[in-house]
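Working notes for the structure below.
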Amino acid sequence: MKPPRAFGPLPHRRYRPEFPTCPQCGGSLALSHPVWAKPIQYLTGTEHVTSLGFRCAAPACPAGGRTVYRSAQAEARQVKGSGYGLDVVVRIGHLRFTEHRTREEIWRAVRDDTPVRLSERHVQNLLEVYLAVLRASEQEVAPRVAATVKQHGGVIVSLDGLQPEQGNEQLWVVREVLSGTVLGAANLQQATAPHLARLLRPIQQAGVPVLGVVSDAQESIRLAVADVFPGVPHQLCQYHALREAAEPLWAADRALLVEAKKELRGLREVEERVRAHEPRTPADEVVLDTVLALRQTVRERGGLPFDFAGLRVQAALGALDDTLGRCLEKGGTPAWLGCGPSSSGRGSGAPCAPPRWRRPMSGW
Ligand SMILES: [Zn+2]
């Protein structure tokens with residue numbers, strides 16, 4: 001894992017438990033301490049993630065304040081002991097076992113298509129993580145949660161599906177949330193209620209007391225949980241619900257970003273033409289700087305549920321357009337040879353030719 005400072009300033013994300021109250025007594029939960037905190041590289045960019053632990057504050061609670069509740073969502077996105085998100089692991093597993101790419105090809109694909117920085121060696125490590133997650137289903141449940149049951153009187157189960165961008169298979173992972181232990185996993189083509197119930201059943205068969213279940217609001221999960229754990233409190237994850245609600249907006253935003261990138265395709269030609277100038281004028285430098293700025297701008301990435309990169313890019317391009325518009329209105333600067341007011345003594349009086357572009361995203 002890279003040392004945290006190597007990433008520079010990162011967006012911080014703090015997770016709290018999905019249960020708003022104590023699942024054992026209904027008492028209110030109070031912040032206790034961070035369970036873990038680390039920078040995590042996701043396919044969407046790097047974030048500094050903190051999983052906040054909460055305890056029940058009720059004096060009469062059967063858990064006696066010992067149980068530290070944490071976010072199932074934070075667990076579902078991370079890999080224990082790793083600085084990479086589970087989405088990266090799933091992408092790498094997909095490239096290896098569905099697309100049969102070599103380690104080097106995977107490394108290149110991740111490097112070229114995502115902001116994730118990793119070495120070829122890390123690809124190997126993450127493939128091992130992927131296999132370890134899948135093997136979790138082969139192990140017996142009871143011994144792996146014995147310590148948690150002893151300490152807290154039961155387990156909290158979460159269920160979450162992750163889909164690589166390409167491919168139809170989803171990696172479904174069942175976790176024990178209090179300890180972060182992966183209890184089972186499977187690649188499923190279809191996440192129907194009977195398929196999901198099959199993943200949960202070993203926990204029920206092990207006779208482990210289940211204090212609660214955390215998942216998103218997907219109907220197949222609700223049915224599977226009601227089938228396998230009738231009567232157990234089932235907390236729907238707010239983040240998941242928001243993410244699902246934001247999905248259509250998110251798709252529209254992505255389309256906006258693609259459109260922006262398409263509109264800027266002509267940049268390469270402008271850049272090549274200007275780079276060929278000999279000698280280069282100050283105006284050429286302005287053009288090259290602007291090309292760089294435009295290219296950086298459309299590299300923005302968003303995140304579900306409400307981080308819309310397309311809107312941010314649109315705003316940034318608008319600001320850049322205003323700046324350039326103001327420059328052109330002034331008639332350029334005297335340094336732009338061959339243009340600008342003729343009174344400068346150097347310009348031809350012709351309309352200023354350097355930085356010339358179409359108004360970005362004029363069709364919006
Ligand atoms: Zn309690």
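Taking R0 as 22 Å, what FRET efficiency do you get between residue 328 and residue 289 from their Cβ-Cβ distance, rounded to the nearest 0.05?
Computed FRET efficiency for residue 328 and residue 289: 0.90.
Can you give me the solvent accessible area of residue 114 with a 1.4 Å probe, rounded to the nearest 10 Å²?
10
Could you give the radius of gyration (one decimal) and Dmax (whole number) of the Cα atoms in the chain, in Å?
Expressed in Å, the Cα Rg and Dmax of the chain come to 26.6, 91.
Along Cα→Cβ, 7 Å out, is where each label goes; now give me the distance between the ones at residue 48 and residue 247 in nm to one decimal.
About 3.3 nm separates the two model spin labels.
Can you give me the Cα centroid spacing of segment 78-131 and segment 151-185 in angstrom?
So the separation of the two Cα centres works out to 19 Å.
When every alpha-carbon pair in segment 154-237 is counted, what percent end up more than 20 Å apart? All intermediate terms of the calculation are to be shown ahead of the outcome.
Numbers: 860 of 3486 pairs.
Tail of the P(r) past 20 Å holds 25 percent of the pairs.
Sorted by accessible area (1.4 Å probe), largest first, how do 97, 7 line up?
Result, largest first: 97, 7.
Using modelled backbone amide H atoms (1.01 Å from N, in-plane), which distant-in-sequence or interchain residues come within less than 5 Å of residue 35's amide H?
51, 52, 53
All other residues with a Cβ under 9 Å from the Cβ of residue 50 taken together, and with Lys, Arg as +1 and Asp, Glu as -1, what is their net charge?
Computed value for this residue: +3.
Taking a probe of 1.4 angstrom, what is the accessible area of residue 259 in Å², to the nearest 10?
Here the accessible area works out near 70 Å².
Over the alpha-carbon set of segment 141-294, work out the extent along each principal axis and list the three values in angstrom, largest first.
79, 30, 25
Hey, what do the phi angles of segment 170-187 turn into as Karplus ³J(HN,Hα) couplings, whole Hz, using 6.51/-1.76/1.60 and θ = phi - 60°, x for Gly and Pro?
10, 8, 9, 10, 9, 10, 9, 6, 5, 10, x, 7, 7, 9, x, 7, 7, 8
Grab the Cα-Cα distance for residue 37 and residue 142, subtract it from 0.36 nm times how many residues apart they are, and report the gain in nm with one decimal.
35.0 nm
Using R₀ = 25 Å, calculate the FRET efficiency as 1/(1 + (r/R₀)^6) where r is the Cβ-Cβ separation of residue 113 and residue 220; round to 0.05.
That pair, residue 113 with residue 220, gives E of 0.25.
Residue 216 accessible area, nearest 10 Å², 1.4 Å probe?
The accessible area of residue 216 comes to roughly 10 Å².
Contour minus end-to-end for residue 238 and residue 150, with contour as 0.36 nm per residue of separation and end-to-end as the Cα-Cα distance?
Values: separation 88, 0.36 × 88 = 31.68 nm, distance 2.91 nm.
That works out to 28.8 nm of additional length.
Two decimals, Cα atoms only, Kirkwood Rh: what is Rg/Rh over segment 12-76?
Here Rg/Rh amounts to 1.07.
Which whole-number percent is the relative contact order of the chain (Cα, under 8 Å, 6+ apart)?
Dividing the mean separation by the residue count of the chain yields 11 percent.
May I ask you to rank 324, 242 by accessible area, largest first, using a 1.4 Å probe over the protein chains only? Before the final figure, lay out the partial values.
Values: 324 25, 242 80 Å².
Greatest to least solvent exposure: 242, 324.
Residues of segment 289-328 with backbone nitrogen within less than 17 Å of a virtual label 7 Å along the Cα-to-Cβ line of residue 269, please, listed as ranges.
What the label zone holds, given the 17 Å backbone N cut-off, is 291.
Could you sort 66, 198 by accessible area so the largest value comes first, with the probe set to 1.4 Å? Present the calculation step by step, with values, prior to reporting the outcome.
Working: 66 120, 198 155 Å².
Accessible-area ranking of 66, 198, largest first: 198, 66.
Calculate, axis by axis, the spread of Cα positions in segment 241-301 along the three principal axes, and write the results as whole Å, longest axis first.
Between the extreme Cα coordinates on each principal axis of segment 241-301 lie 58, 15, 11 Å.
Taking only protein heavy atoms and a 1.4 Å probe, what accessible area per residue, in Å², does segment 154-237 have with all protein chains in place?
39
For segment 246-344, calculate the relative contact order in percent as a whole number, restricting contacts to Cα pairs under 8 Å that are 6 or more residues apart.
32
For segment 246-344, with all protein chains present and a 1.4 Å probe, just round the carbon and sulfur fraction of the accessible area to a whole percent.
On segment 246-344, the fraction of accessible area on carbon and sulfur atoms equals 57 percent.
Among all the lysines, which ones have a C-alpha under 24 Å from residue 80's C-alpha, if same-chain residues fewer than 8 places away are not counted?
The reachable lysines, counting only those whose Cα sits under 24 Å from residue 80, are 2, 38, 150.
So how far apart, in nm, are the two label points at residue 187 and residue 12 if each is 7 Å from Cα heading toward Cβ?
In this crude label model, residue 187 to residue 12 measures out at 3.9 nm.
Tell me, what is a quarter of the convex hull surface for the C-alpha atoms of segment 266-332, in nm² with one decimal?
5.1
Any idea what diffusion coefficient segment 41-178 gets from Stokes-Einstein, in µm²/s, Kirkwood Rh on alpha carbon pairs, 10 °C, 1.306 mPa s?
In µm²/s, the coefficient is 95.
Could you look at segment 12-76 and say what percent of its accessible area is carbon and sulfur, using a 1.4 Å probe and all protein chains?
It is 53 percent, rounded to a whole number.
The values are calculated or read from the model by the stated rules, or taken from the named source; none is laboratory data. Because the structure is a prediction, the values reported are computed rather than measured. Glycine gets a Cβ as well: all are built from the backbone with ideal geometry, and neighbour counts include every protein chain shown. Accessible surface areas use protein heavy atoms only, side chains included; no ligands, DNA or RNA. Shrake-Rupley method; radii C 1.70, N 1.55, O 1.52, S 1.80 Å.
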